[in-house]
Every structure is written in C-alpha cells, then in structure tokens.
Amino acid sequence: MALQVVVGAGAVGVATARLLAARGDQVRLVSRRGTGPEHPSVERVGADATDSAALARIAHGAVALYNCAAPPYHRWTLDWPPLANALLDTAEATGAVLVSAGNLYLYGPVDGPLTEDVPARPAGPKARVRARMWQDALARHEAGRIRTADVRASDHIGAGSQSMLTLAVLPRVLAGRRASVPADLDAPRTWTAVGDVARTLVAVADDEHAWGRAWHVPSVPPLSVREVVTRSCALADAPPPRLSTMPGFVLWLGGFADPLVRELRETQYQFRGPFIMDSTAAVAALGITATPIDESLAETVSRPATEPARPARRR
C-alpha cells in the first residue's frame with residue numbers, strides 16, 4: 001500500500017484523496033485545519049504546508065506529492081511563493097514525484113485553442129506567480145533534483161468546485177434571481193470537472209513518461225456560460241435563468257469596494273470572448289475521457305461550494 005500525500009483539502013484535493021484511497025493507497029491529506037473526507041485510508045493532517053521541514057516529515061516515504069492547494073484568491077502573490085517553494089523542497093528531500101493542479105493563467109491572452117505548447121505570456125500578477133511556479137519546478141526537474149509535472153484545467157465544475165460560475169452565478173439563478181455576469185454569455189469556453197482533474201493528477205503521477213511537462217485535463221467540448229447555466233437550472237428543476245452581461249466598468253467600480261471582485265479584472269480576457277482548452281494530448285497519452293457535462297453539472301448543483309472567507313475591509 002503506497003503512501004500518497006495530498007496538500008489542500010478543497011474540491012480537487014478531496015477528489016484526489018478519495019480516488020487514491022478507493023484504489024487502496026494510504027493517503028495523508030494536509031491542510032491548515034486538518035479537514036477532509038472521513039475514510040479509513042485517509043489521514044487528515046493539520047499543518048502549515050509552507051513549513052518545508054514539517055511537510056518533509058509528513059511526506060517521508062511518500063511516492064507522490066500532490067499540490068492541490070488553493071490560497072485565497074486575493075492573496076496569491078503573497079501566499080503562493082512560500083508554499084510552492086516548500087513543495088519543491090519537500091519533493092527534493094523525499095524523492096516523491098510532485099504533481100501540481102494548475103490552471104491556464106500563465107498563457108495570457110491567446111487567439112485560438114490553448115495547447116500545452118503555447119508559450120507562457122502571463123498578463124498580470126497572479127498569472128506571473130503561476131508561471132514562475134512552473135518555471136521553478138521545471139528547472140529543478142531538468143537539473144535532476146526532483147520529478148514533476150503540471151496538470152492544468154479550465155474553469156472547474158463538479159462537487160464543491162469554486163469559480164465565478166459556482167459562487168456568484170448559480171446561487172442567484174437557482175434562487176430565481178437575475179445574475180449579472182462579467183462575461184460574454186454566448187462565447188464558447190472550456191469547463192473541467194474536478195473529478196477529471198483528480199484522475200489526471202493520479203494518472204500523471206503513476207506514469208514516469210508523463211513527468212517533466214504540462215498536461216491539459218480532458219474536458220468536455222466547449223459550452224457558453226448561457227448554455228451551462230441553462231442546463232444547470234434544468235437539472236435542478238429551477239426556472240430558466242435570467243442573465244445579463246455586466247459591463248466592464250461596473251466590474252471595475254465594484255473592485256474598489258471588494259478585493260475579491262478586484263482580482264477578477266486581471267482575467268477578464270478569459271471571459272469576454274472564446275476561451276478554449278485543447279486536451280487532445282492527455283486523452284491520447286493517458287486514456288482519460290471527460291465526465292459527461294450533465295453528470296458534472298448535476299454534482300455542481302447538488303453539492304455546491306462553500307463560500308470562501310471574505311477579506312476584512314479596511315476601516
């Protein structure tokens with residue numbers, strides 16, 4: 001029974017821990033509060049994952065280390081660097097392969113579908129943090145100091161997923177209220193199931209031929225925000241959604257009062273036109289097929305995300 005260490009008890013971390021436990025592995029799920037699913041093969045550990053020495057002790061003997069952490073959105077530039085460095089140091093100290101749950105921010109604005117070969121051109125502070133994380137990990141991999149890979153997903157859907165869709169849009173429309181969305185409602189975009197992120201993380205960790213590069217999680221064909229929200233309402237037996245497009249200046253003004261809203265400005269390019277991720281390479285190499293969209297959306301509406309803590313307002 002192999003020891004696997006998962007850092008982060010959010011939707012992806014929990015899905016990864018459950019998947020590993022179901023196949024018979026011993027799992028240590030690390031988070032600040034020591035939360036996670038109750039399972040005889042899942043040991044929930046409360047720890048500060050930025051402490052390299054503590055994390056290395058927890059991961060001693062592990063075959064794989066999964067970075068599924070999710071610092072508060074408005075604190076990425078502060079919280080990610082020490083956490084990423086601790087994960088790299090732990091992978092080097094223990095020999096565990098480090099597989100990270102990433103996203104598409106580091107590519108920046110791109111015309112056409114995103115493949116893993118698109119060069120990184122980060123367009124803002126959060127994107128630069130994610131790009132630097134991968135550059136640092138790949139440098140250690142190429143130097144023979146660690147073994148690593150990056151598993152990238154588009155907007156998450158599925159049980160417990162957190163995104164603009166799940167936290168701001170669906171709660172309103174499922175309650176019969178109008179939702180103003182800072183997006184082109186009819187532009188096609190890729191949606192990725194959290195369960196498929198977990199399956200890809202585990203498949204990559206198991207396959208030494210998959211290390212040293214990035215992979216895009218197999219995802220369903222693109223759908224617009226309007227299509228996804230309409231299908232979600234139908235699955236929840238709710239009235240058809242009332243949606244409108246939020247003008248850019250309204251989002252900009254809202255950011256002055258709300259730090260979380262302010263952070264959405266950086267990635268508006270992802271929402272004001274088509275945003276499509278190509279996962280052909282992972283489908284072919286790893287043999288993973290995406291979860292059907294209605295199955296993922298049914299999980300999304302039946303097991304919603306918990307609202308993240310709001311940052312304190314300055315007085």
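The values are calculated or read from the model by the stated rules, or taken from the named source; none is laboratory data. The model shown is predicted, which means the values in this text are computed figures rather than measured ones. Because the Cβ atoms are built from the backbone with ideal geometry, glycine has one as well, and the counts that use them run over all protein chains shown. Heavy atoms of the whole protein, side chains included, go into the accessibility calculation; ligands, DNA and RNA do not. Shrake-Rupley method; radii C 1.70, N 1.55, O 1.52, S 1.80 Å.
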So Arg33 fits all but one of (1) within 19 Å of the chain's Cα centre (by Cα); (2) open to solvent by 10 Å² or more (accessible area, probe 1.4 Å); (3) more than 25 Å from Asp207 (Cβ to Cβ); what number is the exception? (1)
For Arg145, indicate whether it is over 27 Å from His74 (Cβ atoms), crowded, with 17+ Cβ neighbours inside 10 Å and at pLDDT 95 or above. no
Any pair with Cβ under 6 angstrom, 6 or more apart, that starts in region 65-82 at a residue that is within 29 Å of Leu3 (Cβ to Cβ) and ends at one that is hydroxyl-bearing (Ser, Thr, Tyr) and surrounded by 15 or more Cβ atoms within 10 Å (Cβ to Cβ): Tyr66/Thr16; Asn67/Ser100; Cys68/Thr16; Pro82/Thr50
Among the residues in region 5-14, are any open to solvent by 20 Å² or more (accessible area, probe 1.4 Å), farther than 21 Å from Ala127 by Cα and not small (Gly, Ala, Ser)? yes
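Can you name every one of the helices (runs of 4 or more DSSP H) wholly within region 243-302 that holds 3 or more residues which are in contact (Cβ under 8 Å) with a residue 40 or more places away in the chain, under 23 Å from Cys233 (Cα atoms) and not basic (Lys, Arg)? Step through it out loud before you land on a result.
Details: elements: 248-254, 259-263, 280-286, 293-302.
Helices (runs of 4 or more DSSP H) meeting the threshold: 293-302.
Restricting to region 71-104, count the residues that are part of a helix (DSSP H, G or I) and either open to solvent by 30 Å² or more (accessible area, probe 1.4 Å) or touching a Gly at 6+ places or on another chain (Cβ under 8 Å) (or both). Outline the logic, then answer.
Applying the first criterion (part of a helix (DSSP H, G or I)) to region 71-104 yields 73-94.
From what's left, either open to solvent by 30 Å² or more (accessible area, probe 1.4 Å) or touching a Gly at 6+ places or on another chain (Cβ under 8 Å) (or both): 73-75, 77-79, 81-82, 85, 89, 92-94.
Looking only at that region, the number is 13.
Could you tell me whether Asp111 is assigned to a loop (DSSP other than H, G, I, E, B), touching a residue at least 12 places away in the same chain (Cβ under 8 Å), open to solvent by 10 Å² or more (accessible area, probe 1.4 Å) and under 27 Å from Trp252 (Cβ atoms)? Reasoning before the result, please.
Working: assigned to a loop (DSSP other than H, G, I, E, B): yes; touching a residue at least 12 places away in the same chain (Cβ under 8 Å): no; open to solvent by 10 Å² or more (accessible area, probe 1.4 Å): yes; under 27 Å from Trp252 (Cβ atoms): yes.
In short, no.
Residues being among the small types (Gly, Ala, Ser), farther than 18 Å from Gln162 by Cα and in a loop (DSSP other than H, G, I, E, B): count how many of those fall in region 47-70. I'd like the intermediate steps shown before the answer.
Step one: of region 47-70, the residues among the small types (Gly, Ala, Ser) are 47, 49, 52-54, 56, 59, 61-62, 64, 69-70.
Filter once more, keeping what is farther than 18 Å from Gln162 by Cα: 47, 49, 52-54, 56, 59, 61-62, 64.
Narrowing the set further to residues that are in a loop (DSSP other than H, G, I, E, B) leaves 47, 49, 59, 61-62.
Total meeting the criteria: 5.
Mind checking which residues of region 232-268 are modelled with pLDDT of 95 or more and open to solvent by less than 60 Å² (accessible area, probe 1.4 Å)?
Residues of region 232-268 that are modelled with pLDDT of 95 or more, as a first pass: 232-245.
If the condition is that a residue be modelled with pLDDT of 95 or more and open to solvent by less than 60 Å² (accessible area, probe 1.4 Å), then Ser232, Cys233, Ala236, Ala238, Pro241, Leu243, Ser244 are the ones that fit.
Restricting to region 181-220, name every residue that is of a type in the set (Gly, Ala, Ser), over 28 Å from Gly144 (Cβ atoms) and either surrounded by fewer than 16 Cβ atoms within 10 Å (Cβ to Cβ) or in contact with a Gly (Cβ under 8 Å, 6 or more places away or on another chain) (or both).
Taking region 181-220 first, the residues of a type in the set (Gly, Ala, Ser) are 183, 187, 193, 195, 198, 203, 205, 210, 212, 214, 219.
If we keep only those that are over 28 Å from Gly144 (Cβ atoms) as well, we get 183, 187, 193, 195, 198, 219.
Selection gives Ala187, Ala193, Gly195.
Out of curiosity, is Val42 open to solvent by less than 10 Å² (accessible area, probe 1.4 Å) and either modelled with pLDDT of 95 or more or closer than 23 Å to Ala153 by Cβ (or both)? Break it down into steps so the answer makes sense when it comes.
Numbers: open to solvent by less than 10 Å² (accessible area, probe 1.4 Å): no; either modelled with pLDDT of 95 or more or closer than 23 Å to Ala153 by Cβ (or both): yes.
No.
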Residue pairs qualifying under the 8 Å Cβ cut-off, at least six apart or on distinct chains, with the first in region 1-21 being under 23 Å from Gly95 (Cα atoms) and the second being open to solvent by less than 20 Å² (accessible area, probe 1.4 Å) and among the acidic types (Asp, Glu), are Met1/Asp25; Ala2/Asp25; Leu3/Asp25; Gln4/Asp25
Residue match in region 283-306 (condition: under 24 Å from Arg172 (Cβ atoms), at pLDDT below 95, out of contact with any Leu (no Cβ under 9 Å at 6 or more places or on another chain) and of a type in the set (D, E, K, R)): yes
Exactly one of these conditions fails for Ser161: (1) within 30 Å of Val5 (Cβ to Cβ); (2) open to solvent by 10 Å² or more (accessible area, probe 1.4 Å); (3) part of a loop (DSSP other than H, G, I, E, B); (4) not aromatic (Phe, Trp, Tyr). Give me its number. (2)
Return the residues of region 47-70 that are open to solvent by less than 40 Å² (accessible area, probe 1.4 Å) and within 30 Å of Ala193 (Cβ to Cβ); say none if nothing qualifies. Ala47, Ala49, Leu55, Ile58, Ala59, Ala62, Ala64, Leu65, Tyr66, Asn67, Cys68, Ala69
